4 protein chains.
Amino acid sequence: MERIRLGMVGGGEGAFIGGVHRIASRIDGRFDLVAGAFSSTPERSRASGEALGVDPKRTYDDFAAMAKREARLKDGIEAVSIVTPNHVHYAAAREFLKRGIHVICDKPLTSTLADARKLVALAEKSDAIFILTHNYTGYPMVRQAREMVAAGEIGVIRVVQVEYPQDWLAEDLESTGQKQAGWRTDPEQSGAGGSTGDIGTHAYNLAGFVTGLRCEALSADLDSFVSGRRLDDNAHVMLRYENGAKGMLWCSQVAPGNENGLRLRVYGEKGGLEWKQEDPNYLWQAPLGEPKRLLTRNGAGATEGNLAGSRIPAGHPEGYLEGFANIYADAAEMILAAREGETAETLAPTVHDGLDGMRFVDACVRSSKKDAGWVTL
Amino acid sequence: MERIRLGMVGGGEGAFIGGVHRIASRIDGRFDLVAGAFSSTPERSRASGEALGVDPKRTYDDFAAMAKREARLKDGIEAVSIVTPNHVHYAAAREFLKRGIHVICDKPLTSTLADARKLVALAEKSDAIFILTHNYTGYPMVRQAREMVAAGEIGVIRVVQVEYPQDWLAEDLESTGQKQAGWRTDPEQSGAGGSTGDIGTHAYNLAGFVTGLRCEALSADLDSFVSGRRLDDNAHVMLRYENGAKGMLWCSQVAPGNENGLRLRVYGEKGGLEWKQEDPNYLWQAPLGEPKRLLTRNGAGATEGNLAGSRIPAGHPEGYLEGFANIYADAAEMILAAREGETAETLAPTVHDGLDGMRFVDACVRSSKKDAGWVTL
Amino acid sequence: MERIRLGMVGGGEGAFIGGVHRIASRIDGRFDLVAGAFSSTPERSRASGEALGVDPKRTYDDFAAMAKREARLKDGIEAVSIVTPNHVHYAAAREFLKRGIHVICDKPLTSTLADARKLVALAEKSDAIFILTHNYTGYPMVRQAREMVAAGEIGVIRVVQVEYPQDWLAEDLESTGQKQAGWRTDPEQSGAGGSTGDIGTHAYNLAGFVTGLRCEALSADLDSFVSGRRLDDNAHVMLRYENGAKGMLWCSQVAPGNENGLRLRVYGEKGGLEWKQEDPNYLWQAPLGEPKRLLTRNGAGATEGNLAGSRIPAGHPEGYLEGFANIYADAAEMILAAREGETAETLAPTVHDGLDGMRFVDACVRSSKKDAGWVTL
Amino acid sequence: MERIRLGMVGGGEGAFIGGVHRIASRIDGRFDLVAGAFSSTPERSRASGEALGVDPKRTYDDFAAMAKREARLKDGIEAVSIVTPNHVHYAAAREFLKRGIHVICDKPLTSTLADARKLVALAEKSDAIFILTHNYTGYPMVRQAREMVAAGEIGVIRVVQVEYPQDWLAEDLESTGQKQAGWRTDPEQSGAGGSTGDIGTHAYNLAGFVTGLRCEALSADLDSFVSGRRLDDNAHVMLRYENGAKGMLWCSQVAPGNENGLRLRVYGEKGGLEWKQEDPNYLWQAPLGEPKRLLTRNGAGATEGNLAGSRIPAGHPEGYLEGFANIYADAAEMILAAREGETAETLAPTVHDGLDGMRFVDACVRSSKKDAGWVTL
């Protein structure tokens, strides 16, 4: 089993997603975290590096220095995980991409649509691989859903219902100094979208991943229900897809009782599919006119993507971290192929998915400003 | 136990909702069905009357004759259930209201907004009671939800999510001669709304009943996915309520796997509530920052409306027919009070609720015609 | 629609099951309650009769007088519902059976096995029909389960898991004067079984109804967890069926969080079935090696018994009262046939099912007394 | 972050649990797999070692050689995971324990009760730590359940219901050459218990872990439903606990539709708890007389053990591998403390839990042989 040398930008103390990336990178044993610029505060970066067992010489004060030096090292990192607040993604990714270091970047792609476009151009020019961790596409049952749609099992799609409600921002948490709430509600760090950027992009991406449909236009009604909040914390969005299919998307951070209620329902002429992130080992299939079937991870009727994304038998639940690890497994496959000068096709989200997500956020904001008028993406 | 003499307009062979009204009227033993104009086809009316054990002399060929004669009989009907296709509601109700016979009318109120307005005027002028069977408001847990909202248990409402998906019209059933599909997809009989009129009004009414909020404006994207269908079979609607609350409403008759998936979720500053029609004996309460609680019909924590609407102990499920019967129980209470010259306050939906539903349908159609622009109700 | 004249023994104020029988008898409009001995206290009987709108002349102080007089009346009752505490069933049923009046009796059959045997003999001698309201067998999905087993859809049965947990007797409710708790925990009125008689018999009967298997032996460990309680409030039972199938039965009145948690699971060589009383419109089918399917009342894949037992479309839940009403519908069918000198075959439970239930209770008590040794039924 | 050098016995190609242990050891990044005797077939051991990136010099043909050499190496393994079929556990554990190498052993403890007793003696004599991977006790909600019981939240326990149904052995899989089925149904490799040993021990252990109660006696009815099977594939067991509490345990490998349906319900005087392995992020709490509450992993109301065992926020499901990793986290904590000459108290299952499990299997077999008579453990 060949291993890949990995670096990380961001993910120091108090971070959430950095720890997730680290676990995801470890689950299949294909990555070694050997370098990092874990914080923009040098002391915190070093403390985090030490806690993580990273060689102090390879714990950097800033990502630019890291990219520069690691690119020269004989055993420098081959890939980097970028897990900072959104506004840093672009600048950080640029440093690594231009040096041919593969990038695994958290979503949304950037904090501005302009940055997103520039990043796409950089990624296209670079020999390095760019992967965006829209991790929900790594769940085995989501991959099965995509495959079933592609195989025509539900027929031509008519209706898409997707939602991602949470409740953690139902109160003014950002004023309490909570770090996650702080940057996620700050336009400087997050970009123009609040809930739309943080979780709406996931919902939007998931719908596109499963249906294979391109969204052409949307109408969005955004709110900031918590007094003083500077970004949206609830969004109601109507979607129009390329083939005449219609969709609704709801994302919210102020819906009490919802932890991470991402849910997708897709209805076609011949059947329906339903999947929930909080119970991810199951997929409901409803063939029109027949009883509903409950498909399971690694269970009877599993498709190739379900099987490939499963590590353990049906009935032993795999969760969020394993789904996330499937994106890392895709990354590993692509990186190892690249070592040999080859290209591996995987389902890992790309920089183009990232740009599409930024277009979604931008369109939501534009639409909402003109009273939820339709805007094209 | 005093009993009420009841007549029926519509509800002959092949009908669905007429049978429901009859069972609902029987459950608590307060009504006797003694007269009817069960079909616009005289032979079918008589056959139905005979099958139902109604005296042939009181089985009528048309509702006008029935109203006229029953009003004169010493023991003529005190109330009439109108269970015809929508376009007959107005004319039928008029005949009885003007003679002081109480009307229990199926929804939607009428087939046109103009008729609805006229019917409101008639009902306001009449001494007779007018009740509209938005039967889902009869479920005990729905009444508990309303009481909890009114008591401030979830705080000021921010977000309303309501949906009513079905799948029975996913194919072109109306071309097969199926009676229910026939009239429900026919603008002459149903009115301007398809799914919006048939089930969207229920969803809209339920949201208003529980939240107590008035909807001020909506934006609707309607589709007729089945080729050749003349009325909408799927509707995506964004709602704006009077206090700044926002809502989404989805109704569909083309969503495979959904039988009668009416579901309401309401989120306020202090908590959330969730209820599903297909599992109606439960209500989820999510107080912000606390574990979710599962409230049950007639169970621990039951409110007055829950207890009053329950006939049997918790854990023995009551269903659709019992919820419907609660509207009839309200009707009985109001009618018996009226006998004494008094007025009983109940939760039964009124002609004004009916008008509001017709405004909803009208607004959906108008909005959709102008590319889902906002329209006021 | 021909109607049947019905009387009732028991079911006065404070009763639970009497009201259930009355609603069940009304739902399909085939019975008229025209006579009753509603209480052993004459005043209460009369007050109940008045509240129910029964002619005072046909409201009796005791069931013997009622049987005697009604049998002579030209339009006397054709059938009687016996809804008293258990110890009265035998004597009451005897009076009506010997006069050719059909009996619809609540379960368990009697309070003693000896009485049960005598009642079987009486019923066999009588021309009258005897029906026992093991009402859970009236649920449409239970009937579908029975038909699927009989059709071999799950193959030869290996394992039966049935349970009926409640929590209403988790504390010493009988000492508070609560009427239901009082007689149900009193051996004089209930018989030798507490939870075993009250709900264990339902579970036992349900398992037999669905599987079609006869139980040959059992081993039971009974407890009275509440201090001072005179009858069992929790029972753990292992079952051995005629074909080598094995079962477990748990019934409890002291399991907090359980309202009426009757649940049956049956596993054969080719598949499994699962049904829950609290969510009765669904039946899980698990064909070995295939995804599980969720069958619904009146939905896709419905069998004859499911369809026949359904009144309204799928997705509009029917509940406990409708299941109970299906037993009354069976009774009506049998009684109307008997009027014509014919016999109608229905699925309604019989006096033999009642005797089998009494054998079950007796066996549980005997086994528990010999330290849960095996006893034959 | 200090890391621990880990070896492995068993877990070569075609194994299931070996891969699980490896992932579990990687999730928190505290273990490095540096040595192994992965198979009793030398070629397969070497191939597995190579595939796993283990130094060929430290890939051994047998565990005895491995124990001997690793104990001498300066940077030899500090701990070993034993993931072989049951009959190898004892001999393998002995080699490592006697050399002071910590043992993380899969369950059941051994294949015979005699071996189990000897292993307890060895473990007690050894300075090394011995941990048994009853991994279900690692789930955060299971730890919360234990803490809630210990805190008296459900009062004195009366009833325990635990079950572990599967369906993977519903047919004669062992005759097809399937490796897992082969050894698990072979008394030489598994021991006297089939389903009782493989999954019954998990159920039994889980009940004891949560309730803190010792089981004093049991009555078991074992079956081998699949023709020719040499070990039980279904077991019905009644349990008697030390304080008068009673239990039922069902384990089965022939129950179609069940993947890994481990479920525990515990009922006390003041409340009930329910947990399911297939939906492990939730725990139902039913305080007597109050609505049920749904507690979540890392969510509102989380206890210390829940929080400590959680890596990511509520609503992002953690699964089987994370629960398993919690046992490895306990192991790491104990091993790192041992490095300093100290002792860390954790919830990790011990050799005594293993012996208790073997006593359970032995008692089941003994009881079943005497027609399910009671036997003490």
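Just so you know, all these numbers are worked out from the coordinates, no wet-lab data involved. Everything numeric in this text was worked out from a predicted model, so none of it was measured. A quick note on method: Cβ atoms are made from the backbone with ideal geometry, for glycine too, and the neighbour counts reach across all protein chains shown.
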Practice item. Sort shortest first the distances from B:Asp61 to its counterpart in every other copy, using label points 7 Å along the Cα-to-beta-carbon line, and give them in nm. Key: 5.7, 10.1, 10.5
Exercise for review: Calculate how steeply helix A:351-369 sits against the longest principal axis of the alpha-carbon atoms of chain A, using the helix alpha-carbon long axis, and give the answer as 0 to 90 degrees to the nearest 10.
Suggested key: 60
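At a 10 Å Cβ-Cβ cut-off, how would you order C:Thr84, B:Thr176, fewest neighbours first?
Working: C:Thr84 26, B:Thr176 9.
Arranged by neighbour count, lowest to highest, C:Thr84, B:Thr176 become B:Thr176, C:Thr84.
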Review point. In nm, to one decimal, how far is the C:Lys370 label point from the A:Arg99 one, both placed 7 Å along Cα→Cβ?
Key: 8.4
Practice item. Could you state the angle between the C-alpha long axis of helix A:140-150 and the longest principal axis of the C-alpha atoms of chain A, as a value from 0 to 90 degrees rounded to the nearest 10? Key: 50
Exercise for review: Putting +1 on Lys and Arg Cβ atoms and -1 on Asp and Glu Cβ atoms, find which of D:Ser190, D:Ile82, D:Ala128 reaches farthest to the positive end of the dipole of chain D.
Suggested key: D:Ala128
Review point. Hey, how many Å between the Cα centroid of the range D:250-314 and the Cα centroid of the range C:301-377?
Key: 34
**Study point:** Those lysines that a straight Cα-Cα span of less than 18 Å connects to B:Lys370, excepting residues fewer than 8 apart in one chain
**Key:** A:Lys246, A:Lys370
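Just for the protein assembly as shown, what percent of DSSP beta bridges are antiparallel, to the closest 5?
On the way: 150 of 250 bridges.
Rounded to the nearest five, the antiparallel share is 60 percent.
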Check your understanding: Which whole-number percent is the relative contact order of chain B (Cα, under 8 Å, 6+ apart)?
Key -> 19
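Taking the Cα centre of the protein assembly as shown as origin, work out the dipole magnitude from +1 charges on Lys and Arg Cβ and -1 charges on Asp and Glu Cβ, in debye rounded to 20. Walk me through the numbers before you get to the answer.
Values: 172 positive and 204 negative charges, 1 e Å.
Charge dipole of the protein assembly as shown: 0 debye, to the nearest 20.
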Review point. What ranking, highest mean first, results for peptides A:127-134, B:43-50 when packing means the other Cβ atoms within 10 Å averaged over each residue?
Key: A:127-134, B:43-50
Point to revise | Among D:Asn234, D:Thr303, D:Gly257 - extreme Cα towards positive end, dipole of the range D:186-320, charges at beta-carbon | key: D:Thr303
Exercise for review: Determine, for the range C:4-128, the count of lysine pairs separated by eight or more sequence positions (or lying on different chains) whose alpha-carbon distance falls under 14 Å.
Suggested key: 4
Study note, to complete from the structure: At the level of C-alpha centres, the distance separating the range B:103-167 and the range A:118-140, in angstrom, is 50
Review point. For the range C:1-114, what class follows from the C-alpha gyration tensor (a ≥ b ≥ c being the square roots of its eigenvalues): rounded when a/c is under 1.5, otherwise prolate if a/b is larger than b/c, else oblate?
Key: rounded
Exercise for review: Quickly rank B:348-354, C:31-37 as a protection proxy: mean count of other C-beta atoms within 10 Å, highest first.
Suggested key: C:31-37, B:348-354
Review point. Got the A:Arg44 label distances to the other copies yet, label 7 Å along Cα→Cβ, in nm, shortest first?
Key: 5.1, 7.3, 7.4
**Study point:** Test item: A:215-223 mean partner chain Cβ contacts at 10 Å
**Key:** 3
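With charges set only on the Cβ (+1 for Lys and Arg, -1 for Asp and Glu), what does the dipole of the range B:4-128 come to about its Cα centre, in debye to the nearest 20? Kindly include the intermediate steps, with their values, before the conclusion.
Numbers: 19 positive and 16 negative charges, 62 e Å.
Computed charge dipole of the range B:4-128: roughly 300 debye.
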Check your understanding: Looking at the axis that maps chain C onto chain A, which chain C residue has the closest Cβ, and how far off is it in Å, rounded to a whole number?
Key -> C:Arg293, 3
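About the Cα centre of the range B:317-377, what is the dipole size in debye to 20, counting +1 per Lys and Arg Cβ and -1 per Asp and Glu Cβ, all else neutral? It would help to have the intermediate numbers written out before the result.
Working: 5 positive and 11 negative charges, 120 e Å.
The calculated dipole for the range B:317-377 is roughly 580 debye.
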**Study point:** Candidate aspartates and glutamates - alpha carbon under 13 Å from A:Lys369, same-chain residues fewer than 8 apart omitted
**Key:** A:Asp221, A:Asp223, A:Asp232
Exercise for review: Report, in degrees rounded to the nearest 10, the 0 to 90 angle that the Cα long axis of helix A:86-97 makes with the longest principal axis of chain A.
Suggested key: 60
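Need one word for the protein assembly as shown: rounded, prolate or oblate. Basis is the Cα gyration tensor (sqrt eigenvalues a ≥ b ≥ c); a/c below 1.5 gives rounded, then a/b vs b/c decides.
Details: a/c = 2.33, a/b = 1.29, b/c = 1.80.
Cα axes put the protein assembly as shown in the oblate bin.
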Exercise for review: One decimal, nm, shortest first: give the distances between the label point of D:Gly244 and those of the same position in the other copies, each label point 7 Å from Cα along Cα→Cβ.
Suggested key: 4.2, 5.9, 7.2
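Under the definition of partner shielding as Cβ atoms of other protein chains within 10 Å of a residue Cβ, what is the mean value for peptide C:265-277?
Working: counts 6, 2, 11, 5, 6, 3, 4, 8, 2, 3, 0, 1, 3.
That works out to 4 on average.
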Revision key, fill the gap. Assertion target for C:Arg5, A:Arg117, B:Arg214, C:Arg184, ordered by fewest C-beta neighbours within 10 angstrom first, is B:Arg214, A:Arg117, C:Arg5, C:Arg184
Review point. Of the residues C:Lys74, C:Lys118, C:Lys270, which exhibits the maximal mean-square fluctuation in a Gaussian network model of chain C defined by a 10 Å Cα contact cut-off?
Key: C:Lys74
**Study point:** Shape of the range D:253-307, Cα gyration tensor, a/c cut at 1.5
**Key:** oblate
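Treat the count of other C-beta atoms within 10 Å as a stand-in for reagent exposure and order C:Met148, C:Met66 from fewest to most. Present the calculation step by step, with values, prior to reporting the outcome.
Working: C:Met148 23, C:Met66 27.
If I rank by nearby Cβ atoms, fewest first, I get C:Met148, C:Met66.
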**Study point:** Residue of B:Glu290, B:Glu304, B:Glu259 that the Gaussian network model of chain B assigns the largest fluctuation, springs spanning Cα pairs under 10 Å
**Key:** B:Glu290
**Study point:** Peptide ranges B:53-59, A:297-303, C:358-364 listed from the most packed, as the mean C-beta count within 10 angstrom indicates
**Key:** C:358-364, A:297-303, B:53-59
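How many partner chain Cβ atoms sit within 10 Å of a residue's Cβ in peptide B:131-139, on average, as a whole number? Working shown, then result.
Values: counts 0, 0, 0, 0, 1, 0, 0, 0, 1.
Mean shielding by partner chains, rounded to a whole number: 0.
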Point to revise | Amide H partners (placed H, <5 Å) of A:Phe31, local residues excluded | key: A:Ile4
Practice item. Count neighbours as other Cβ atoms within 10 Å of each site's Cβ, and list the GluC sites (Glu not before Pro) in the range A:319-363 that are DSSP loop with at most 14 such neighbours. Key: A:Glu340, A:Glu342, A:Glu345
